[in-house]
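The values are calculated or read from the model by the stated rules, or taken from the named source; none is laboratory data. Predicted model, so just to flag it, every value in this text is computed and none were measured. Virtual Cβ from ideal backbone geometry, glycine too; neighbours counted across all protein chains shown. Each accessible area value is taken on the protein alone, full model and side chains, heavy atoms only, with ligands, DNA and RNA left out. Shrake-Rupley method; radii C 1.70, N 1.55, O 1.52, S 1.80 Å.
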Amino acid sequence: GKLGRYPPWPGKIVNPPKDLKKPRGKKCFFVKFFGTEDHAWIKVEQLKPYHPHKEEMIKINKGKRFQQAVDAVEEFLRKTKGKDQASSHNSTEEKNRRNSSEERGKQSAGEEKRRASLSEGKVKKGTGEGKKRVSSVSSERGSKSPLKRAQDQSPRKQGRPPKDEKDLTIPESSTVKRVMTGTVAGFKWPPSVSEPVKDSDPHFHHFLLSQTEKPAVCYQAITKKLKVCEEETGSTSIQAADSTAVNGSITPTDKKIGFLGLGLMGSGIVSNLLKMGHTVTVWNRTAEKCDLFIQEGARLGRTPAEVVSTCDITFACVSDPKAAKDLVLGPSGVLQGIRPGKCYVDMSTVDADTVTELAQVIVSRGGRFLEAPVSGNQQLSNDGMLVILAAGDRGLYEDCSSCFQAMGKTSFFLGEVGNAAKMMLIVNMVQGSFMATIAEGLTLAQVTGQSQQTLLDILNQGQLASIFLDQKCQNILQGNFKPDFYLKYIQKDLRLAIALGDSVNHPTPMAAAANEVYKRAKALDQSDNDMSAVYRAYIH
């Protein structure tokens, strides 16, 4: 996108959700925009009283959607005046003046009635008609990320409320915060989305990607405890919805869950499924790994086929394409337990061809299939903070809602089978290449007489600062390569990502170079260490 300016837009200051933290830095208020149902944190200096600036706003913005917003303000004022003749405008204006000079942590019920018009502010804007930007702030570890907001707009040009991408929310914990943004095009709303999202955890977020006949694709952010409503005009809004979850807890599905594969990722996932009250049957190639989970309340399955036949939804998380195929097609494998209505969710990171083949054989037996590889590591798996990339059966994705909430902080639905595999390989390609670059920099610092610790301190003060950078550098500085993400698996993902590039004649020279370094590390017996052990490939 490019920097641009949005016209002023009417809104009112309201109480933010209890779980939503105010951003640090400049004073700001939580604003609900009239005519859109969008919300955002807005800096004090970008707020102006409605009545003195009403005519100025109308002159600047003549869009139909803006006029609807003004109508909504006037309707709100009429209702407010009818309810409370005695204390309408005077008390409102007084509170505006008082709060502009004094930050208030909590808004009283009367303060919710205040109205503000938003002055011009620079924000990032996607180019082209109907484009929107979905922004979110997330933290790894500690606490799940706070409420995300989506900006909606139909494909035709319309006025839009100003949004300051930087003034969203800051997570409670985490020493490093990251703002993730992505420019996406006009959205065609799926019919099922108009229903409330049930059994909600207010910190977990679904992102649904819909691919229509048009070449453009888009995201729709649905936060738990939010529902998306389609109005008669065709516009969309996000409103608070009732939830059966109490105090952010998860209401587990009553479906019987199976889980195959208790490695670094699978172990944390199963533990969180059990903690949140799911009924889980487990199986692992080496049965001893099941013992701990049996003690935590899991049931033991003797074979993958038995688990699938006795459970409604069976998840699997194994190491590579060969293991994924053997699990489904091998003796007493998943396929033997599949019958009409049985559900299989493969969370392994594999190539698109493998997952497409598995989907075909599952569906051919009447089963339902979802691919759902996860982005994260052992620690994030244990903390229930994984990012889930799903594709395939949309209904099955929704049936897995409570499971995904238990194991992750965010899930993305990416459309048809194969999309999640491709996206996951690209994500890990970037991560693996970055890790190799970190190791290269640290070793170059060492051989040129520079302090590695000082290099890390400098990086942590710059734009590259992240939990990943800090943790991996600490691993190297401390010589601690206990696996959080196996080196052999990141090399496997680089190899598959390079093959993905080959399949479409797209160059991947950075990934290819990184892959050679990981292969060298494997030759030095670093396969079962953490990916940060790629550092040892650079030591002379």
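Summary of computed values
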item: Residue in the range 394-432 that is farthest from residue 346 (Cα to Cα), counting only those that are buried (at least 23 other Cβ atoms within 10 Å of the Cβ) and in contact with a Lys or Arg (Cβ under 8 Å, 6 or more places away or on another chain); result: 409
item: Failed item, numbered, when residue 359 is tested on (1) open to solvent by 20 Å² or more (accessible area, probe 1.4 Å); (2) not in a loop (DSSP other than H, G, I, E, B); (3) not β-branched (Val, Ile, Thr); result: (1)
item: Count of residues meeting criterion [of a type outside the set (Gly, Ala, Ser), closer than 25 Å to residue 293 by Cα and in contact (Cβ under 8 Å) with a residue 60 or more places away in the chain] in the range 379-395; result: 6
item: Helices (runs of 4 or more DSSP H) lying entirely in the range 388-456 (those with 1 or more residues that are not assigned by the TED database to the domain that holds residue 276); result: 419-447
item: Filter result (in a loop (DSSP other than H, G, I, E, B) and surrounded by fewer than 21 Cβ atoms within 10 Å (Cβ to Cβ)) within the range 285-316; result: 285, 286, 296, 297, 302, 303, 312
item: From 465, 537, residue being modelled with pLDDT of 95 or more and buried (at least 21 other Cβ atoms within 10 Å of the Cβ); result: 537
item: Filtered residues of the range 55-78 (kept if at pLDDT 75 or above and open to solvent by less than 50 Å² (accessible area, probe 1.4 Å)); result: 69, 70, 72, 73, 74, 76, 77
item: Residue within the range 468-478 that is under 21 Å from the mean Cα position of the chain (by Cα), closer than 24 Å to residue 343 by Cα and in a helix (DSSP H, G or I) present; result: no
item: Qualifying positions in the range 475-508 - of a type in the set (S, T, N, Q) and either farther than 16 Å from residue 434 by Cβ or open to solvent by 60 Å² or more (accessible area, probe 1.4 Å) (or both); result: 478, 480, 503, 505
item: The lone exception for residue 526 - which of (1) surrounded by 19 or more Cβ atoms within 10 Å (Cβ to Cβ); (2) under 18 Å from residue 425 (Cα atoms) it fails; result: (2)
item: Number of positions in the range 373-387 that are open to solvent by 10 Å² or more (accessible area, probe 1.4 Å) and assigned to a helix (DSSP H, G or I); result: 4
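Here is a yes/no grid of residues against (1) modelled with pLDDT under 75; (2) surrounded by fewer than 16 Cβ atoms within 10 Å (Cβ to Cβ); (3) of a type outside the set (Val, Ile, Thr); (4) within 30 Å of residue 204 (Cβ to Cβ):
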site	(1), (2), (3), (4)
1	yes, yes, yes, yes
15	no, yes, yes, yes
36	yes, no, no, yes
50	no, no, yes, no
80	yes, no, no, no
96	yes, no, yes, no
